[in-house]
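Read through the structure below, which is laid out as structure tokens, and then see the notes.
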Amino acid sequence: TGQIATASFDNAVGHWIDGDPTWLDGHEAAVKTVIIADAQTLISAGDDFAVIEWDLTTGAGTELGRHLGKVSDLAISPDGQMVASASWDGTIAIWSRSGGPSRTLSGHDAGVNALAWLERGRTLVSAGIDGTVRVWDATTGTETRVLLRHGFGINRMVVDEAAGWLAYGSVDGVTRVIDLTTGNELADITLGRRPILALTRAWDGNLLAMGDGEGYIS
């Protein structure tokens, strides 16, 4: 059985099993991002600033917390206990799924668009509208370094920790792969000057796919 979760501008979260959808209603504005936390749980966020956890057995939603701006990305920690959210309020929040205290990470000069966990949940990497990729100590909430200064806003990011690389797509159309430790460029796979709005990789890690602002997938 295959399952897919979808986020929609109709304010709903979709949960699809073998092509049959169940709609989860509770957001008050467009849903921008949703992740499958486990077989029975989804987590979503969007333009209403809220991060909501959904119980798929009951369809009930529980609000983990709220930002002061739209939420653009979510990432669940490797142990499944923490959820990080990236917001256009310029912050990253780390929410406990067990009801523990939350933590706010501040340092970006504009909205944050993308997140990834590293080092078994001890480190977060973020990318944002200020054109930077930043590295954070997730246990203390402190910024450890700026890995990259691109100059234009970064929309999407893919990380392969085992292979030691990070790929990013930016608003000026640039798509590059950099070293996860040094920030040095490993490859430039830019195809045009159209904003990169989606970026993902194949399961084996050998291919990247990108979607741009004019509707092309490469």
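The values are calculated or read from the model by the stated rules, or taken from the named source; none is laboratory data. The structure displayed is predicted, hence computed values, not measured ones. A quick note on method: Cβ atoms are made from the backbone with ideal geometry, for glycine too, and the neighbour counts reach across all protein chains shown. Accessible surface is based on the protein model in full, side chains and every heavy atom, while ligands, DNA and RNA are left aside. Shrake-Rupley method; radii C 1.70, N 1.55, O 1.52, S 1.80 Å.
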- Along region 187-196, what does the Karplus equation 6.51 cos²θ - 1.76 cosθ + 1.60 (θ = phi - 60°) give for ³J(HN,Hα), rounded to whole Hz, x for Gly and Pro? 7, 10, 10, 5, 10, x, 10, 8, x, 8
- Task: With just the Cα atoms of the chain, tell me how far they stretch along each of the three principal axes, in Å, largest first.
- Result: 47, 39, 30
- Count neighbours as other Cβ atoms within 10 Å of each site's Cβ, and list the trypsin sites (Lys or Arg not before Pro) in region 71-126 that are DSSP loop with at most 15 such neighbours. 122
- Item | With all protein chains modelled, accessible area of residue 70 [1.4 Å, Å²] | 80 Å²
- Residues whose placed amide H lies under 5 Å from that of residue 73, excluding near-sequence neighbours: 86
- Item | Ordering of 158-169, 197-208, 6-17 by packing [mean C-beta count within 10 Å, highest first] | 158-169, 6-17, 197-208
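Could you work out the relative contact order of the chain? I mean the mean sequence separation of Cα pairs under 8 Å and 6+ apart, divided by the number of residues, in percent. Could the numbers behind the result be given before it?
Numbers: 596 pairs, mean separation 18.4, N = 218.
In percent, rounded to a whole number, it is 8.
Give me the orientation-averaged projected area of the Cα convex hull of region 4-130, in nm², one decimal.
Values: hull surface 29.9 nm².
Reported value for the Cα convex hull: 7.5 nm².
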- Residues whose built amide H sits under 5 Å from the amide H of residue 199, excluding neighbours closer than 5 in sequence, are 211
